[in-house]
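The values are calculated or read from the model by the stated rules, or taken from the named source; none is laboratory data. None of the values given here were measured: they were computed from a predicted structure. Ideal geometry is used to build each Cβ from the backbone, glycine not excepted, and the neighbour counts take in all protein chains shown.
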């Protein structure tokens, strides 16, 4: 099978800078003050605010990464961006056109430019249809006859994502998880869209094939200039592919910046805590990085705290945080943060020299994913996927 990946050890940061790209530095998608509320099932009255006042931009040919804990509203935000969900309030502009209130019929011609890669590659494909039929569906729905015919176009798409043209007669269950995700990507790029939402595109895959899929997405972006909205909880995945990164917490954006600026010098305490949890190898002196431990769980979105939504877990919270919602302000060029008392230290945190912490502390034992990502040969269909990113393991559960 074609490898379709960059050489092992290639650093994507040498090619994908976090700054502006002059040739493609145009706003492709602009969302302002997006809010989404859902009714609470079983109650006559009451609703939950899943997303509150989100404003983001995606530039042509670039990737916006959205990161946060489960339930923070990142997938809901991404779906509203391409009108798979209707916002309760706010606006969505695509290629300079207001698409916020367009009907389903009016949105149909725009669907060829707005596509999505789903988290679970198996459930995203109809098990009763061949993969060729699934990839050909966008042509049929859009009423497009590609040059050379649909069958030839499907074969070329399969080869483009590293599979064989002859595979179009097979069914989804005959492929591995990574291969199924490649099929989903082939379907998403069939009509040459301008924007693709990638919702946790590698979280359901084994770590041995995550790099292949990420490198494929990067290569397709280089070739076609497509823009991505990358939804993920894995900080290594977001750093590998994104140009700008937005951090969400409890339905709100708390920080937005170019990738390198956010990872090297975060301003929001929540971002700082997330990055401090990424393990680094100890040097020869035995130095280790300080970890910031957040107490408790995120509050319920049914009854969010007043003021700053992060204040109940923040070590810097004061009375102002309880009384006043912080605005998302630009504290540095192109670096926005919603915090009354932003951080000034770097992501590295304080370096502590001394013995390692006790081994009965489950927070400090981790299995990191190496960065940069290396391409590993794809293997046969797999069972349970290995979680991505830094997996924290309780040593008391070890053999």
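Per-structure values
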| quantity | calculated |
| --- | --- |
| Selection from the range 250-263 of residues that are surrounded by fewer than 24 Cβ atoms within 10 Å (Cβ to Cβ) and touching a helix residue (DSSP H, G or I) at 6+ places or on another chain (Cβ under 8 Å) | 259, 260, 263 |
| For residue 223: the one exception among (1) in a helix (DSSP H, G or I); (2) touching a residue at least 24 places away in the same chain (Cβ under 8 Å); (3) closer than 23 Å to residue 65 by Cβ | (2) |
| Which listed residue is modelled with pLDDT of 95 or more and surrounded by fewer than 20 Cβ atoms within 10 Å (Cβ to Cβ), from 71, 96, 90, 42 | 90 |
| Of the criteria (1) in a loop (DSSP other than H, G, I, E, B); (2) modelled with pLDDT under 90, which one residue 236 fails | (1) |
| Hits in the range 295-309 (condition: within 21 Å of residue 341 (Cα to Cα) and modelled with pLDDT of 85 or more) | 298, 299, 304, 305, 306, 307, 308, 309 |
| Condition broken by residue 127, with the remaining ones in (1) touching a helix residue (DSSP H, G or I) at 6+ places or on another chain (Cβ under 6 Å); (2) buried (at least 16 other Cβ atoms within 10 Å of the Cβ); (3) farther than 28 Å from residue 275 by Cα satisfied | (2) |
| Strands (runs of 3 or more DSSP E) (entirely within the range 58-145) containing at least 2 residues that are assigned by the TED database to the domain that holds residue 36 and under 23 Å from residue 213 (Cβ atoms) | 63-67, 114-117 |
| Of all residues in the range 264-279 being part of a helix (DSSP H, G or I) and out of contact with any strand residue (DSSP E or B) (no Cβ under 8 Å at 6 or more places or on another chain), the one that is surrounded by the fewest Cβ atoms within 10 Å (Cβ to Cβ) | 264 |
